[in-house]
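The values are calculated or read from the model by the stated rules, or taken from the named source; none is laboratory data. Just so we're clear, the structure is a prediction, and the values are computed from it rather than from any experiment. Neighbour counts run over all protein chains shown; Cβ positions are idealised from the backbone, glycine included. When the accessible area is computed, the model is the full protein with side chains, heavy atoms only, and any ligands, DNA or RNA have been set aside. Shrake-Rupley method; radii C 1.70, N 1.55, O 1.52, S 1.80 Å.
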Amino acid sequence: ARLYPGTKNLSYLLMPIRPLPPSKNIDHPAQPTSRNRPKMSEGFRITSFRPSLENVLLRPGPYSSESGALPMGEHDPSSSTSSLLTSKILVIGAGGLGCELLKDLAMSGFRTIEVIDLDTIDVTNLNRQFLFRQKDVGKSKAEVAAAFIRERCPWINITAHMGKIQDKPVEFYKGFNVIISGLDNVEARRWLNAMIVSLVAVDEDGDPDPETIIPIIDGGTEGFRGQARVIIPRITSCFECSLDAFPPQKTFPMCTIAETPRLPEHCISYAFMLEWPKVFPDKKLDKDSPEDMEWVYDRALERANKYKIKGVTYMLTMGVVKNIIPAVASTNAVVAAACVNECLKMVTFGSQTLNTYMMYMGNEGVYSHTFVYEQKPNCPVCTSAIRKMDLPPTTLLYELIQKLVDGDLRLKKPSITSDATTLYMQAPPALEKMTSPNLDKPLSELFDSGDELTITDPVFPGSKSLSLVVTFTE
């Protein structure tokens, strides 16, 4: 690409396009006049004054989407720029990764963006979540981030939503071309994955309808490590297929927390799990309240001093209480750039799509690795396979439920029904009370060997369920 002679700073790439200065070595088009020079209000506009994104999109090339291992469509130079301008993108999460995603989308030419986040801004966010300022502490992350982008880039139509992704109806998700996830916890990503996969219509032969497929680009960071992943529902592996790669959330035995603390995390857990309910029985701990978190920190520090345990800090307190993953701004920037790059390629078909997983390791240098994450043959979300389990007939129902929770499915609160009756329901309370006597009954008294059971769980959205066949073994 042609740069300004002697240019070392590339920040001009994010500015409105201006003509290159005269040079003896470069043939320039006619200099623009005040009438045709781009204005700031026109946004990220690309002209013919230098090689640019528009030049890439308006030219055919050997590395467009259809030439890759995961083709998304055929690149049409005549419509690729309009696709960029008309695509509707949903960003989930407006934290460290979400701020970078919104900035990159805005500066890449996307015009319609929506962002959803449940959290409010904490003072500890300000060191890396650059769309927020001191005056914004306590406000909605999504609303403040959207307002910042709207002020800087008034040509962008950006809408903010404050709330849980689980509270949005199915129709909300159907309206987007691409969804970029910047979530910081596994359970929310599982729910989102199951929701978007469930939107895909499948014909009698099991082939998905391309018109109902909404790609997911999943980004995640932890310290100096990160990943960007492309999920094409019913085509590639989904998030649930790779659940084994995410270790279960670390928990501490209650007896250790209460009686024999050895780590600073034990002292912090004691403060907010045991002391807070005793001191404030009628008040729920507000994890976003600086006053509440200061109280927890002080009590945890007192307990740590009592047991001569070092390492209790306010930042660690925040991390334990809110289950915060350590974040590094540069990692967020790298992963967000990879995610938005994939989004750009998806809507324009201008280059080959990532197939399907990119890992970034920045602990000891700049190293990345890409590979194909294979689809799990018995994935409960993106395949129609019926799960099978062999158990003795004397197995109690609560033992089966525990296997569903502790096993590879990692369910949270499974409810079970058979074709004949409801075996156990976690909610509502009246139904739970009515079916709870079945928990201590052997499976052979509740259904026959080989019967198909229907399992529902909060990790699956709406009417999504799992089919399970239990065969009795002697």
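A few points about this structure:
- Carbon/sulfur fraction of accessible area - the stretch 325-383, other protein chains in place, 1.4 Å, %: 57
- Residues of the chain: accessible area per residue with a 1.4 Å probe, Å²: 52
- For the chain, a crude dipole built from +1 on the beta carbon of Lys and Arg and -1 on the beta carbon of Asp and Glu, taken about the Cα centre, is about 2540 debye to the nearest 20.
- Projected label points at S465 and S82, each 7 Å from Cα along the beta carbon direction, are separated by 4.6 nanometres.
- Shape index of the stretch 321-474: Rg/Rh, with Rg the Cα radius of gyration and Rh the Kirkwood radius from the inverse mean 1/r over Cα pairs, equals 1.13.
- Take the Cα of F172, step 7 Å toward its Cβ, do the same at A201, and the gap between the two points is 2.4 nm.
- Ranked by the mean number of other Cβ atoms within 10 Å per residue, highest first, peptides 241-247, 339-345 order as 339-345, 241-247.
- Taking the square roots of 5 times each eigenvalue of the Cα gyration tensor of the chain, largest first, gives ellipsoid semi-axes of 46, 32, 19 Å.
- Lysines whose Cα lies under 19 Å from that of K441, excluding same-chain neighbours fewer than 8 positions away: K403, K413, K433
- Per-residue HN-Hα couplings for the stretch 111-122 [Karplus 6.51, -1.76, 1.60; θ = phi - 60°; Hz; x = Gly/Pro]: 10, 10, 9, 10, 9, 10, 7, 8, 7, 10, 7, 10
- If you sort the three axes of the alpha carbon gyration tensor as a ≥ b ≥ c, you get a/c of 1.5 or more for the stretch 98-139 and a/b above b/c, which makes it prolate.
- Remark: the Cα gyration tensor places the stretch 87-189 in the oblate category, a/c being 1.5 or greater and a/b not exceeding b/c.
- Prolate is the label for the stretch 62-134. Its Cα gyration tensor axes, ordered a ≥ b ≥ c, give a/c of at least 1.5 and a/b above b/c.
- Antiparallel %, DSSP beta bridges [both residues in the chain], to 5: 55
- Between M254 and V372, the FRET efficiency from the beta-carbon distance, with R0 = 51 Å, is close to 0.75.
- Phi-based couplings in Hz for the stretch 395-408 (Karplus 6.51, -1.76, 1.60; Gly and Pro marked x): 4, 7, 4, 5, 6, 5, 4, 5, 5, 5, 7, 8, x, 5
- Note on the stretch 159-200: with neighbouring protein chains present and a 1.4 Å probe, carbon and sulfur make up 49 percent of its accessible heavy-atom surface.
- Amide H partners (placed H, <5 Å) of G73, local residues excluded: E66
- Those aspartates and glutamates that a straight Cα-Cα span of less than 13 Å connects to K412, excepting residues fewer than 8 apart in one chain: E187, D457
- Relative contact order for the stretch 184-313: 17 percent, from Cα pairs under 8 Å spaced at least 6 residues apart, divided by residue count.
- In a fully extended conformation the segment linking T473 and N363 would gain 34.6 nm over its present Cα-Cα distance, using 0.36 nm per residue.
- Of the GluC sites (Glu not before Pro) in the stretch 152-249, those whose Cβ has at most 13 other Cβ within 10 Å and which sit in DSSP loop: E204
- One decimal place: the segment A385-Q402 gains 4.0 nm when fully extended, by the rule 0.36 nm per residue minus the C-alpha distance.
- Heavy-atom accessible surface of the stretch 426-472: percent carbon and sulfur, 1.4 Å: 52
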